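For reference, the structure discussed in these notes is given below.
The values are calculated or read from the model by the stated rules, or taken from the named source; none is laboratory data. Computed from a prediction, not measured in an experiment: that's the story for all the values here. Heads up, the Cβs are rebuilt from the backbone with ideal geometry, glycines too, and the neighbour counts pull from every protein chain shown.
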Amino acid sequence: MIRYAKPTTVDEALALLREGPWRILAGGTDVYPAQGSRPFRDDIIDINGLAELDGIGETETHWLIGARTSWTSLVRHPLPAAFDVVKQAGREVGSAQIQNVGTIAGNLCNASPAADGVPALLALDADVELRSAVTTRRLPLREFVLGVRRTALRPDEMVTAIRVPKGACRGASAFLKLGARRYLVISIAMVAARLVVERGVVVEAAVAVGSCSAVATRLPAVEGALHGREADASLVDAVMAAPMDELSPIADVRGSAGYRRDAARELVARAVRAAAGGGRVAA
Amino acid sequence: MSEARSFPGEARPNANGATSDTSAARLGAGMQAADIAFQVNGIPVSVSAPPLRRLSTILRDDLRLIGTKVGCDAGDCGACTVLVGGNPVCACLVPAASVAGATVTTVEGLANGSLSALQAAFLHHGAAQCGICTPGLLVAATALLARNPRPTEMETQDALGGVLCRCTGYRKIIAAVMDAGRFAEQPSHGSAAPHPPAGTFSPYSDGEKEEAPALVTASSQQGDRVWASPTPSPLRGATSPPSGGRGKEPSSASAHPSSPPSFGGEVVGNADRSGGRAHIRLPGSSQGEGQRQLDQPDRALDLRMPASGNAVGASPVRLDGIPKVTGGERFGGDSFPADALAVLVVRSPFHHATFAFGDLDAWSSAKPGIVAVFTASDIPGRNCFGVIAPFADQPALAEGHVRFRGEAVALVAGERAAIADLDVADFPIRWNELPHHLQIGEADLAGAALVHDNRPGNLLTKGLVERGDPEAALAAAAHTVTGAIETSYVEHAYIEPEAGHAYMDGDTLVVVACTQAPYMDRDDTAKVLGLPVEKVRIVPTATGGGFGSKLDVSLQPLIGLVALKTGRPAALAYTRAESMMSTTKRHPAQMKATIGVDADGRITGMVFAGDFNTGAYASWGPTVANRVPVHASGPYATPNYRAEGRAIHTHGPISGAFRGFGVPQATIMQETLYDELADVLDMDRLEFRVLNCLRDGSETVTGQRLDSGVGIGACLEALRPHWARAGAEAEAFNAVNADRKRGIGVASCWYGCGNTSLPNPSTIKVGISANGDVVLHQGAIDIGQGSNTVITQICADALGLPLEKFRLRSADTAITPDAGKTSASRQTFVTGKAAEKAGRALREAILRFANVSGEARLELQGTTLLIREGEAARRVDLATLEASADGLVFLAEATYDPPTLPLDAKGQGKPYAVYGYGAQLAELEVDLRLGTVKLLKITAAHDVGKAINPVLVEGQIEGGIAQGIGMALMEEYIPGRTENLHDYLIPTIGDVPPVETILVEVPDPEGPFGAKGLGEHVLIPTAPAILNAIRHATGVLITRLPATPSRIHAAIREKEARR
């Protein structure tokens, strides 16, 4: 008989995690497809009873996205314009049905190279709060997702929150996702960009690309090329000329490696233009 | 019931490995059940179930609310969409535990006493075809309309983007949702409304014997809003119900009261009106077995029932429409007997392998609840089936050697709970993987391993059509163009995976399953199981899409074997992956062609060679090889011609029938070359086609003279104003845009209706019952395309009685004559013609009986048949006449087989009696930097001879276009890689642009009321029109389909590099 637990407090959940290996179930939008029709054989902690992890709050220094917060909740929550990149990503996650139950933390923990939430949250310098019964640690998102289906989560830990520093919640942002159809898209490439423009000059740039490397990644060289530049059409030229060595796209059924590389650059240019202009553009 | 579980490599370790081998742990390996209480459609319920059981399973199996459909179990298709707390979710992704205390709304909860405005709008617009996706769409749209009663098109698409539909092309769905507000404003009639017989029904209940589930009991009466018996899980209790009485047969005096209409009428909150009567009387009512009759729905929905004699050309709401919007329709997986054994199919994880079993008895006997394992050695008949008898080559269960990934090797039958909890990672089978070839280029090389020893060169068969002297014509041509096109495997991706159940009725095996071809199912199942055909009865359920793949048997022999061997009912619903890997596909094609014209632009000659990857078994490969050469010219006069089609075996998925039998592929080859020819000639691309198209009096490439009814010219000419408008708009756009370019493209189709030079008769039986109904044995399986309605309309006008008097009996092989398969665009033409003949014969019989002339008019008033001629009227009291065994007092039966002639060695002859024609114009915009295509509009002109039901014709056109869009832009099935609906992409609601349909009616003298077939035609022009438009926009022709953004981008870059 396998075990099933649905704790009602985080402490209870963490105590269980300390006992042995469990698989954590939140929104279920990745767990069930992965399971297919095979019977469950893992012990399961169902965290859907943890009310304290659902919702968005803030401290002096951070916005806190509870681990159980669904994409729909996030999209509907009033947040600074810098969060548009995450909201736009959220609207592109699967379908409305998926967004209604799928959680942002689950999207990170599933560690798909095509996870929509990762580039968007990278552009907001997000970190991930991990708790065990004994410790709480916070990892920058880029240190949390380690590879394809691989994270820094330890067996006795769970993600309790995603934290966005308020210092990163400045400027305007945009998210673009490229697929071969309109809805229910697993992206060929996707881009998140956030720009802070002061007196017509880019003073801060955050650009991240997903689906073009094992883990979505920021593009420091592109950000460097944008920094200090006037927020005009020349931003596109800067993107087109900047190195993107962080990308290592693969060829698969969705597109060739070369296509992903070219498309990512084009999407970065468009996302930067949108963030600079504050408008949305089509992918 | 997953192939996935049959793959040792994919098995996950048991969490409690130490105890998993003990039998006690085995059954208990699952999760302890918990009591979970929630509300469904306003009714409090409680189930005892494992907390992680999917909500979709809870609803369907525990609560028997079968309106919620399961299409993928992965959140990819949205068919299972329900509302939890008012928000749409995929019920397949929601653990039962998460709905404790919550409110759940399913499709059964939408029709609160009368159809909701949205449901009425769906019927009005013809937004439901097969109906399998309809519940999910309705539920998702209900959530949208609750917060936004007047949604825009974009808002509608955003809200419904998560629900896939494969039939409709979505446009009528969008229209219905946006229009629902109008229906909300209309007052409901209430029960005071008269109840004229509406002539509507779901015909799929005939002869089906089912056990009444415990859930709804007699205590669920008026005002009683609590389910009387929240049985923990009727299915899990399957071992205990007494199996006396009818024995193993799932039988009961009453029909399936769990079908949603009974919930709608008796349980779900509307029991207080009209005495709690449901809208739909169930079988077993006074209408007799096998018939359902709808009362007028209360919502002020005009069913558009035509007056007597005016059925043909009218667009009544589809006669089987109401159950499709209430959730009441029963598809293959919706009527499993509670005591049925569940069946799990063990399948090959390899493209090519030999295998040997270990100790199967020891394995199964160690597992409580597992009743038996069956392999090829248990098959009593010939373990070799196939749709074309001389080529039959496919084992129902492989005999030590598998030829494709997903091939069935063994069946595990057991109690439902045991199968649900079975992990077959330790199934005793030893695989020996062998080298495989998946591509034509590898398979037809000299020395390539043979897929079948008796087919040298892996050549299944080839077809040839040759006329005149093509080489000489090309040599003498003013211009020639040459090209090559390669296409991919395309998956049918109907939203209903194959499903059904089988049981023994005495010594007759009854198979209740979705299908396109009941008599073919019967014959193949009987052959495999060693039964005489009269001892196999096929009872078709509603079929949730087919498009060709449900012509072949899939699970019929498998569940039949289990029922036959165990004596117990056996039930199986394929998983999505199982459906995708084990059933047929569209043939990948590698084609080359050269076409020549004279200086005036007239086609002088064409040479075409197409190799079609037919996969591991024959299926419909021979049909493709023969149909393609007949059609590869397109509907254009081509005096000198050679076309060869070859079907080549590989270890890939079986290629079979898919809407067009290879013609869509071949048309891409021909129509893209036509654009190049027009360019070479500096002619307008549309006018070049008008110049060359077949006309009355033309001869086809098979030498068939078409005396009349050739409508392609009319179709092309109908596009002229649209072509001019679209061209001007594209030009204006392109003048001011650099990174995006618009293009327009046109392509044609022609397609012979019915089998190629082979008999394909349909028989229709129709009669008048003693109680005054017209009873039509409608054997043309309706897979959503509308034959239930269209055949009835034809018969009604031939007979001269109104449509509303008709009651249908289904294509049950025990009660209804063979109307052939739903394939080859033949039902409207062939079965329609049989229905016309049968209707006229019945009329003749009545007129003779009454001794009146052909001018007489018929009328049914209750049980009185009125025959009027001039001022005179003769009244026949039907109740006084002697009735046949099935209750008919007048009866006629007629058979029609299209007149064709064989093709000779050069492919010359008269392969088809009727052809249909069409032409489509695609307008699109290409993002040059990303290679993405945005479709702007499709204008489709189709010559259907006579549109029997124009709304249904439009539905076929829009749906065919959607599939053509998928084929052109996104669909590529790769075995082992895209066996799901998120890696295998089909168009979503945001991918089909507005479609303008132009109905062209050039009557065919052979077709019923002049009608021609259209089901396949409508898909054929779409992909080439799109490719031609992409070329127009970008200057590049994509020669490898689908034209994904990646491929378009690469072609644009290559062209830029060449500059």
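Remark: B:V830 matches the filter, which requires a residue to be of a type outside the set (S, T, N, Q), touching a residue at least 40 places away in the same chain (Cβ under 8 Å) and out of contact with any Leu (no Cβ under 9 Å at 6 or more places or on another chain). Considering the range A:198-283, the qualifying helices (runs of 4 or more DSSP H), each wholly inside and each with 2 or more residues that are under 18 Å from A:F83 (Cα atoms), in contact (Cβ under 8 Å) with a residue 24 or more places away in the chain and out of contact with any Gly (no Cβ under 9 Å at 6 or more places or on another chain), run over A:257-277. State whether one or more residues within the range B:924-935 are more than 22 Å from B:T702 (Cα to Cα), among the hydrophobic types (A, V, I, L, M, F, W, C) and part of a loop (DSSP other than H, G, I, E, B). Scanning the range B:924-935 turns up at least one residue that is more than 22 Å from B:T702 (Cα to Cα), among the hydrophobic types (A, V, I, L, M, F, W, C) and part of a loop (DSSP other than H, G, I, E, B).
For every residue, the table says whether it meets (1) within 12 Å of another protein chain (Cβ to nearest Cβ); (2) among the small types (G, A, S); (3) buried (at least 24 other Cβ atoms within 10 Å of the Cβ); (4) within 19 Å of B:G313 (Cβ to Cβ).
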{"position": "B:G955", "(1), (2), (3), (4)": "no, yes, yes, yes"}
{"position": "B:L969", "(1), (2), (3), (4)": "yes, no, yes, no"}
{"position": "B:Y973", "(1), (2), (3), (4)": "yes, no, no, no"}
{"position": "B:H982", "(1), (2), (3), (4)": "yes, no, no, no"}
{"position": "B:D991", "(1), (2), (3), (4)": "yes, no, yes, no"}
{"position": "B:I998", "(1), (2), (3), (4)": "no, no, no, yes"}
{"position": "B:G1015", "(1), (2), (3), (4)": "no, yes, yes, yes"}
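Filtering the range A:153-202 to residues that are over 16 Å from the mean Cα position of the chain (by Cα), of a type in the set (K, R) and within 14 Å of chain B (Cβ to nearest Cβ) leaves A:R181, A:R182.
Each row is one residue, and each column tells you yes or no for (1) within 14 Å of another protein chain (Cβ to nearest Cβ); (2) among the aliphatic types (A, V, I, L, M).
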| position | (1), (2) |
| --- | --- |
| B:D393 | no, no |
| B:V402 | no, yes |
| B:A408 | no, yes |
| B:D421 | yes, no |
| B:I429 | no, yes |
| B:I440 | no, yes |
| B:A446 | no, yes |
| B:A449 | no, yes |
| B:G457 | no, no |
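Restricting the first member to the range B:644-673 and to residues that are outside the structural domain of B:R1040 (by TED's automatic domain parsing) and more than 19 Å from B:L969 (Cα to Cα), and the second to residues that are modelled with pLDDT under 95 and in a loop (DSSP other than H, G, I, E, B), no beta-carbon pair is closer than 8 Å while six or more apart or on different chains.
Scan the range B:1007-1018 and tell me whether some residue there is aromatic (F, W, Y) and more than 21 Å from the chain's Cα centre (by Cα). Yes.
Here is the figure for the range A:76-101: residues that are within 12 Å of another protein chain (Cβ to nearest Cβ) and without any contact (Cβ under 8 Å) to a residue 60 or more places away in the chain total 7. Considering only residues in the range A:32-47 that are surrounded by 21 or more Cβ atoms within 10 Å (Cβ to Cβ) and within 21 Å of the chain's Cα centre (by Cα), the one that is farthest from the other protein chains (Cβ to nearest Cβ) turns out to be A:I47. Taking the numbered list (1) within 21 Å of A:A193 (Cα to Cα); (2) within 13 Å of another protein chain (Cβ to nearest Cβ) in turn, A:H62 passes all entries but (2). Within the range B:74-91, residues that are within 7 Å of chain A (Cβ to nearest Cβ) and within 13 Å of B:L160 (Cβ to Cβ) have Cβ atoms under 7 Å from residues that are among the polar types (S, T, N, Q) and surrounded by 24 or more Cβ atoms within 10 Å (Cβ to Cβ) in these pairs: B:G78/A:S95; B:G78/A:Q97; B:T81/A:Q97; B:P88/A:Q97; B:P88/A:N100; B:P88/B:T81, counting only partners at least 6 apart in sequence or on another chain.
Scanning the range B:577-610 for residues that are of a type outside the set (A, V, I, L, M) and touching a helix residue (DSSP H, G or I) at 6+ places or on another chain (Cβ under 7 Å) yields a total of 13. Looking across the range B:35-47, the residues that are away from chain A (no Cβ under 14 Å) and more than 19 Å from B:G86 (Cα to Cα) come down to B:S46, B:V47. Quick one: how many residues across the range A:4-23 are more than 8 Å from every other protein chain (Cβ to nearest Cβ), at pLDDT 95 or above and outside any helix (DSSP H, G or I)? Going through the range A:4-23 one residue at a time, the tally reaches 6.
If I go through the range A:24-64 residue by residue, how many of them are of a type in the set (F, W, Y) and in a loop (DSSP other than H, G, I, E, B)?
Of all residues in the range A:24-64, those of a type in the set (F, W, Y) come to A:32, A:40, A:63.
Filter once more, so that each one left must be in a loop (DSSP other than H, G, I, E, B): A:40.
Qualifying residue count for the region: 1.
Checking each residue in the range B:425-456 for being modelled with pLDDT under 95 and crowded, with 23+ Cβ neighbours inside 10 Å picks out B:I440, B:A443.
For the range B:702-748, give me the residue count where each residue is within 30 Å of B:P902 (Cα to Cα) and of a type in the set (A, V, I, L, M, F, W, C). Show your work before the answer.
In the first step, residues of the range B:702-748 are kept if they are within 30 Å of B:P902 (Cα to Cα); the result is B:702-715, B:747-748.
Filter again for of a type in the set (A, V, I, L, M, F, W, C), leaving B:706, B:710, B:712, B:714-715, B:747.
Residues meeting the conditions: 6.
Name the single residue, out of those in the range B:1031-1046 being within 14 Å of chain A (Cβ to nearest Cβ) and crowded, with 20+ Cβ neighbours inside 10 Å, that is nearest to A:R260 (Cα to Cα). Of everything passing the filter in the range B:1031-1046, B:S1046 is nearest to A:R260 (Cα to Cα).
For B:R977, the criteria (1) under 30 Å from B:Q439 (Cα atoms); (2) of a type in the set (K, R); (3) away from chain A (no Cβ under 14 Å) hold in every case but one, which is (3).
Please tell me if B:T105 is within 14 Å of another protein chain (Cβ to nearest Cβ), at pLDDT 95 or above, within 14 Å of B:G327 (Cα to Cα) and surrounded by fewer than 22 Cβ atoms within 10 Å (Cβ to Cβ).
Working: within 14 Å of another protein chain (Cβ to nearest Cβ): yes; at pLDDT 95 or above: yes; within 14 Å of B:G327 (Cα to Cα): yes; surrounded by fewer than 22 Cβ atoms within 10 Å (Cβ to Cβ): yes.
Answer is yes for this residue.
Look at the range B:130-150: where a residue is away from chain A (no Cβ under 13 Å) and a partner is of a type in the set (F, W, Y), sitting 6+ places away or on another chain with Cβ atoms under 9 Å, you get B:C130/B:F331; B:C130/B:Y494; B:G131/B:F331; B:I132/B:F331; B:I132/B:Y494; B:T134/B:F122; B:L138/B:F122. In the range B:410-419, the count of residues that are among the β-branched types (V, I, T), farther than 30 Å from B:S823 by Cβ, part of a strand (DSSP E or B) and at pLDDT 95 or above is one or more. I'd like the full set of residues that are under 23 Å from B:Y494 (Cα atoms) and assigned to a helix (DSSP H, G or I), limited to the range B:561-576. Answer for the range B:561-576, where residues must be under 23 Å from B:Y494 (Cα atoms) and assigned to a helix (DSSP H, G or I): just B:R576.
So that you can scan it fast, the table gives a plain yes or no per residue for (1) touching a residue at least 12 places away in the same chain (Cβ under 8 Å); (2) part of a strand (DSSP E or B); (3) of a type in the set (F, W, Y):
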residue	(1), (2), (3)
B:R977	no, no, no
B:G990	yes, no, no
B:F1009	yes, no, yes
B:L1027	yes, no, no
B:H1032	yes, no, no
B:H1049	yes, no, no
B:E1054	yes, no, no
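Which one is farthest from B:T831 (Cα to Cα) among residues in the range B:519-551 that are among the small types (G, A, S) and in a helix (DSSP H, G or I)? Filtering first and then ranking leaves B:A526.
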